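Here's the structure, in structure tokens; my notes come after.
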Amino acid sequence: MNVVARHLVLLAGLLASFTLLFIVAGTPVPVAEWDWIDVASEGGTALLGAIWCLIVLSSRPDGRVTRLLAGGLACIMLGSWADCMDEFIDIEKAALWDNALEMLVPLGMLILTAGMVYWRHEQANLSDHMRKRERLFRSHRPFDRITQLADAAYLREQLRRESRNDGPCALVLFDIDDFHRINREHGQGEGDRALQAVAHMLLLNLRNDDLLCRYAGERFAVLMPGLNQYEGEDAARHLCRMVGAMRHHAGSRRVTITLRHGCADAQGAPDALLAALCRQMDAV
């Protein structure tokens, strides 16, 4: 059973429980005394809350933002349904539990608000990620088919430009450890997905001025203007930690991805610089 189906069963069970609780604890209100405006507004709010909750669950990956948004909408739905049941079932004034159930509406609004705050932060990160990608296409750069990153030819062109500048610039090469094992155990398709996952994680953790390229095979290159070799080394270690913390899966199996790296000042002939860094990486 998938996530949406599980949550659908849970919501249906909670609605049925709420309905049964009202039926057992109260007495029916004659149809002539029903307030149809309240029924329409409160019942409509419950219905829309359920629909919106299912839309969120079916259109987003599982995570903190999804759970907060769906949880807030579910609380609004349940609280509105409890409020609607008051129109059909008369509960003694001394009973306070029905009022407590109606408090699920403001609670749901608080949870939904927290979800929207985290969602805004998530969208800001994604927008930054997309801006970095758009620079590839606006500049008509040659790019790698699998990762949609600039390729080695564009990297060499940028290295030649940086060598004419006076400011510092660090060049970092990253290599995925035991990448051949992913291809061998899970197939080339999963290997391509791993390359894409690493590219995404690196992009999310780079500055806007940094340039990420797929240099060759499982090797990535990052050009970091304004950073010297030591600063670039520190940034590279951070990027390695971020990639190592990913929860990447091939099917149902967790695949641990780690990187090794080499760093140097981006000075000198591009081919000689890249060859020296590759030798440094191969010696690790």
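None of the figures in this text is laboratory data; all of them are computed from the coordinates on show. Quick caveat: nothing in here was measured; it's all calculated off a predicted structure. All Cβ positions, even for glycine, are placed from backbone atoms using ideal geometry, and neighbour counts span all protein chains on display.
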Quiz item: 222 nm [θ] for the chain, helices only, -39500 (n - 2.57) per DSSP H run of 4+, per residue, to 500?
Solution: -21000 deg cm²/dmol
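Within a Cβ distance under 14 Å of Arg260, other residues only, what is the Lys/Arg minus Asp/Glu net charge?
It works out to a net charge of -2.
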Practice problem: Would you mind checking the tilt of helix 104-138 against the longest principal axis of the Cα atoms of the chain, expressed as 0 to 90 degrees and rounded to 10? | Solution: 20 degrees
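Percent relative contact order of the chain, based on C-alpha pairs within less than 8 angstrom and at least six residues apart? The partial results should precede the final answer.
Values: 372 pairs, mean separation 45.1, N = 284.
Dividing the mean separation by the residue count of the chain yields 16 percent.
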Practice problem: Consider the candidate values (i) -0.23, -0.31, -0.73, -1.01; (ii) -0.45, -0.53, -0.82, -0.98; (iii) -0.34, -0.44, -0.91, -1.12; state which one is log10 I(q)/I(0) by the Debye sum over Cα atoms at q = 0.07, 0.08, 0.12, 0.14 Å⁻¹ computed from the structure displayed. | Solution: (ii)
Quiz prompt | Selection from Gly79, Val198, Val24 lying farthest towards where the dipole of the chain points positive, charges on Cβ | solution = Val198
Quiz prompt | Likely footprinting exposure, Asp177, Asp166, Asp282, fewest C-beta neighbours within 10 Å first | solution = Asp166, Asp282, Asp177
Quiz item: In the stretch 1-96, what chymotrypsin sites (Phe, Trp or Tyr not before Pro) fall in a loop by DSSP, with at most 15 other Cβ atoms inside 10 Å?
Solution: Trp34
Quiz item: the stretch 160-215 to the stretch 28-80: how many Å between their Cα centroids?
Solution: 44 Å
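Considering only DSSP beta bridges where both residues belong to the chain, give the percentage that are antiparallel (nearest 5). The partial results should precede the final answer.
Numbers: 25 of 26 bridges.
So the antiparallel bridges amount to about 95 percent of the total.
Going by how many other beta carbons lie within 10 Å of each one, how would you line up Leu68, Leu48, fewest first? Don't skip to the answer; put the middle values down first.
Details: Leu68 20, Leu48 14.
Exposure proxy ranking, most exposed first: Leu48, Leu68.
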